[in-house]
Amino acid sequence: MGCGIRAMVLSVSWATMFRSVGILAAVVGLGYTWMALDDDPLNPLVLFTVQSNLLLAGYYGWRVVRRGPASAEVKGAVTLYLVVTGLIWHFLRMGGSSPFEHLSLSGFGLGNLLLHYVTPVVVVIDWLVFDRNARPPRWAAALAWLAYPLAYLIFVLVRGVMLPPDAWKRYPYPFLDVDIFGYGGVVRMAIALAACFVLLGLGLIALHRGAVRAGRTAAASRLAPAETAPAEAVEP
């Protein structure tokens, strides 16, 4: 019993330290982004990258302070949004090039590395390593997690209609640019992205369930009573 309590305390301590690193990475990356876009302090808030990393900082901050039972659905949503942030940046925006090619300590360089690579890796590790005692998310959660991306799409389209054509980041991402693809093209891309969200969400749920099963199996093997050899007969 005592060993189990100590293991739980150590797990919480490691999780708290790990999440503190995630908060630091997100805050520093967001700070670099805000400094690079200093024309209007509201400009960065348009970006999905900034919004997802703000969600990460807020969620991790809450977990560090509260240290209570975790909701796998909430944690999974934050994890999914950061994973999508990293994948879209790496493959669609950077063409799969090395994240270190454009690394610098000024402008967007360090901010891009922290917000598109470091924080997504942090949340995936957290997803697989910590909170294994929490109830795994339901499979239907992968569909529920579409709520925020759908709200973001509506925000982008409505904002684009309201802004003049020469406005900064009228459409924050090229694949959501109505001027280039039209509404039909943007809707088709949005459907494809939604399918990717769902598939990635199901993959995260499967990985989490697998990690939970592996953890339970390992814990059961450690707690199993050791087999004792039969005592030797004593000669009279």
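Some notes on this structure:
- Considered as a group, the residues in segment 107-134 that are not in a helix (DSSP H, G or I) and not aromatic (Phe, Trp, Tyr) include one that is farthest from the chain's Cα centre (by Cα), and that residue is Gly107.
- Count - residues of segment 49-86 that are in contact (Cβ under 8 Å) with a residue 40 or more places away in the chain and under 23 Å from Ala140 (Cα atoms): 16
- Residues of segment 17-63 that turn out to be over 16 Å from the mean Cα position of the chain (by Cα) and either crowded, with 16+ Cβ neighbours inside 10 Å or outside any helix (DSSP H, G or I) (or both), as a count: 12
- Failed item in (1) surrounded by 16 or more Cβ atoms within 10 Å (Cβ to Cβ); (2) farther than 26 Å from Ala206 by Cα, with Ser97 passing the rest: (1)
- Sole residue being closer than 30 Å to Leu82 by Cβ, among the small types (Gly, Ala, Ser), modelled with pLDDT of 90 or more and surrounded by 10 or more Cβ atoms within 10 Å (Cβ to Cβ), chosen from Gly185, Gly215: Gly185
- Those residues of segment 143-170 which are loosely packed, with under 10 Cβ neighbours inside 10 Å and either touching a His at 6+ places or on another chain (Cβ under 6 Å) or not in a helix (DSSP H, G or I) (or both), in sequence order: Pro164, Pro165, Asp166
The values are calculated or read from the model by the stated rules, or taken from the named source; none is laboratory data. Source: prediction; values computed, not measured. Neighbour counts run over all protein chains shown; Cβ positions are idealised from the backbone, glycine included.
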